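Visitor: Structure provided below as structure tokens; questions to follow.
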Amino acid sequence: MNKNSSNIMALAPHTSNKRETVCIFGTGDFGRALGHKMIQSGYPVVYGSRSTQISNLIPKDAEVLSHAEAAQKAAIIIIAIQRQHYNFLTPLAEVLHGKVLVDISNNLKLNQYPESNAEYLAQLLPGTKVVKAFNTVSAWALQSGTLDASRQVFVCGDDVEAKQMVMNIVRALGLTPLDKGSLLAAQEIENYPLQLFPMWKFPIFLSLGLTTFFFFYCLALDIIYTYIYEHRNFSFFIAITIPNRICPVIALILLALVYLPGVLAAIIQLYRGTKYRRFPDWLDKWMLCRKQLGLIALAFASLHVLYTLVSPLRAFVSWRTGKGIISQALNNKTEPLNNTNAWLSDSYLALGILGYFLFVLLGITSLPSVSNNVNWREFRFVQSKLGYLALILCTAHTLVYGGKWFLSPSAYKWYLPNIYMLSLVVPCVVLVVKFVLIFPCVDKPLTQIRQGWERNPKYSE
């Protein structure tokens, strides 16, 4: 008897876990997708609409009522309509009084209005508790089910209890709420979905600018110069040869630019004698996009690897190899192996392989899924110590491969240096300055400054 009764109690549902009813104003794409997701999560959903006729698009377990009737059934009302249609809410002010209104709207452009949509809604209905949320999640993501706990939902509002209620809904949908503070943060949250890769703009434009510059530089030296002075047509170099020269050059320069702002920051702190002063804005923005610079550099390095692997398949390489073999056969003379060239060839290949391996390791550890599983010291070791080692190896790889042209007069076409010489300028500057910074006489005061010591403290104790 007791056994049966205990089984019945175990199988009985817990009434305390029942979800509260949520009202949604708006039956558009996002309103329907959000309602469907909430029903799947166990929330009773009621739609407030101008038309109470149930459409096939509305989730079948949802109820459709007039705006006033729907609002009376729920304490939380999600406003899934655009700002220009907010005026219909004014006659409902009495019904909505004391309710939690969740504004999920976005604008068509940055800072489209003087105040955020959520602040405007709070001004329109002063008796309500307005919370901004869900505007960074798309209807497609809700419908396709491609949601996971790593997807953050920004939440802000002036009422702490109202925010907590909304964040509970966010968690129930399998998302991660991020409290951004008061309703004053709504403008920033509304601008977020309108930004197109904000941290990628500078790295992308820089890489495109460098690619364009080096392309025309190689075009002038390798094709135009050769055609004018040697009467040979090497225009087919545009397909493989020139890209295979540009990619490693840009990869090396961008990798050096990842570590250059850290070196500049150290010099500025040594000069100022304190860490309690802001860096220049350009340096702050530069340091924030170092990850993006490194990933783009890795992409160019990977292209260089692919271009190098397909080089033996080229007709030009086959022709040049066959020409050398025929020339030796006609002259009945075999050229002996040049040990110096063999060492240089194997050395630059080995340096390139090791450098690319560390390059890939840096890229992997920058992924959130990997970086979240290592502590700060481990992450710093990989990104700083191994990062500088990767820069040294890649610089040495380029130096061994292109160093022979430094003293060769034929390499200076139109008195311009070879592209490999240009690629070594920034990396060598970074490595030389970093070498100076690790001297004990420089490193010790820099470490003290970063620990809080000041040369000329503003306030004496």
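The values are calculated or read from the model by the stated rules, or taken from the named source; none is laboratory data. What you are looking at is a predicted structure, and each value in this text was computed from that prediction instead of being measured. Every residue, glycine among them, receives a Cβ derived from its backbone with ideal geometry; neighbour counts consider all protein chains shown. These accessible areas exclude ligands, DNA and RNA; they are computed on the full protein's heavy atoms, side chains included. Shrake-Rupley method; radii C 1.70, N 1.55, O 1.52, S 1.80 Å.
Visitor: Computing the accessible area with a 1.4 Å probe over protein heavy atoms, can you report the carbon and sulfur percentage for segment 221-343?
Guide: 63
Visitor: Kindly report the accessible area of the chain per residue (heavy atoms of protein chains, probe 1.4 Å, no ligands, DNA or RNA), in Å².
Guide: Averaged over the residues of the chain, the accessible area is 59 Å².
Visitor: I would also like to ask the following. Taking a probe of 1.4 angstrom, what is the accessible area of Phe202 in Å², to the nearest 10?
Guide: The value for Phe202 is about 100 Å².
Visitor: Okay, next question. How much FRET efficiency would the formula 1/(1 + (r/R0)^6) give for Trp405 and Ile267, where r is the Cβ-Cβ distance and R0 is 25 Å, rounded to 0.05?
Guide: After rounding, the FRET efficiency stands at 0.20.
Visitor: Once the whole set of protein chains is in place, how much accessible area is left on Lys385, using a 1.4 Å probe, in Å² to the nearest 10?
Guide: That residue has around 120 Å² of solvent-accessible surface.
Visitor: Sticking with this structure for a sec: What is the log10 of I(q)/I(0) for segment 311-445, computed with the Debye formula using one identical point scatterer on each Cα and no solvent, at q = 0.09, 0.21, 0.22 Å⁻¹?
Guide: Treating every Cα as an identical point scatterer, log10 I(q)/I(0) equals -0.47, -1.30, -1.32.
Visitor: Relative to the longest principal axis of the C-alpha atoms of the chain, give the angle of the C-alpha long axis of helix 387-402, reported between 0 and 90° and rounded to the nearest 10°.
Guide: 30
Visitor: Which value, in Å² rounded to 10, gives the accessible area of Arg171 with a 1.4 Å probe and all protein chains present?
Guide: Here the accessible area works out near 120 Å².
Visitor: How would Cys428, Cys289 rank on accessible area, largest to smallest, probe 1.4 Å?
Guide: Descending order: Cys428, Cys289.
Visitor: Using just the alpha carbons, could you tell me how many Å³ per residue the convex hull of segment 277-352 encloses?
Guide: Given the Cα convex hull of segment 277-352, per-residue volume reads 152 Å³.
Visitor: Just the number: Rg to Rh for segment 348-409, Cα atoms, Kirkwood Rh, two decimals. Walk me through the intermediate numbers first.
Guide: Values: Rg = 14.9 Å, Rh = 12.7 Å.
Using Cα coordinates only, the ratio equals 1.17.
Visitor: If you don't mind, another one. By how many degrees, 0 to 90 and rounded to 10, does the Cα axis of helix 160-172 deviate from the longest principal axis of the chain?
Guide: It is inclined by approximately 70 degrees.
Visitor: Just want to confirm a number: the relative contact order over segment 203-328, from Cα pairs under 8 angstrom separated by 6+ residues, in percent.
Guide: 32
Visitor: Let me ask you something else. Multiplying the sequence separation of Leu219 and Val429 by 0.36 nm and subtracting their Cα-Cα distance, what value in nm do you get?
Guide: 72.9 nm
Visitor: Inverting the mean 1/r over all pairs of different Cα atoms, compute the Kirkwood radius of segment 30-145 and quote it in Å.
Guide: Hydrodynamic radius (Kirkwood, Cα only) of segment 30-145 equals 14.9 Å.
Visitor: Lys and Arg at +1, Asp and Glu at -1: add these up for the other residues within a Cβ distance under 11 Å of Val258 and post the number. Before the final figure, lay out the partial values.
Guide: Details: positive: Arg290, Lys291; negative: none.
Counting the neighbours of Val258, the net charge comes to +2.
Visitor: Further question on the same structure: Would you list His36, His304, His97 from the most to the least accessible area, probe 1.4 Å?
Guide: The most accessible residue leads, giving His97, His36, His304.
Visitor: Whenever you get a sec, line up Arg377, Arg50, Arg83, Arg245 from highest to lowest accessible area (probe 1.4 Å, protein heavy atoms).
Guide: Arg50, Arg377, Arg245, Arg83
Visitor: Taking only DSSP H segments of four or more residues, each worth -39500 (n - 2.57), what value at 222 nm results for the chain once the sum is divided by all its residues, to the nearest 500 deg cm²/dmol?
Guide: Calculated mean residue ellipticity at 222 nm is -16500 deg cm²/dmol.
Visitor: Could I ask something else about it? If you roll a 1.4 Å probe over segment 100-178 with all protein chains in place, what percent of the accessible area is carbon or sulfur?
Guide: 53
Visitor: Turning to a different aspect of this structure: Computed over the Cα atoms, what is the radius of gyration of the chain divided by 2.2 N^0.38 Å, N being its residue count?
Guide: After normalising by residue count via 2.2 N^0.38 Å, the value is 1.41.
Visitor: Carbon and sulfur atoms: what percent of the 1.4 Å accessible area of segment 347-450 do they account for? If you can, show how the numbers build up before the last one.
Guide: Working: 4510 of 6220 Å².
About 72 percent, which is the carbon plus sulfur part of the accessible surface.
Visitor: Over the alpha-carbon set of segment 200-301, work out the extent along each principal axis and list the three values in angstrom, largest first.
Guide: 62, 25, 17
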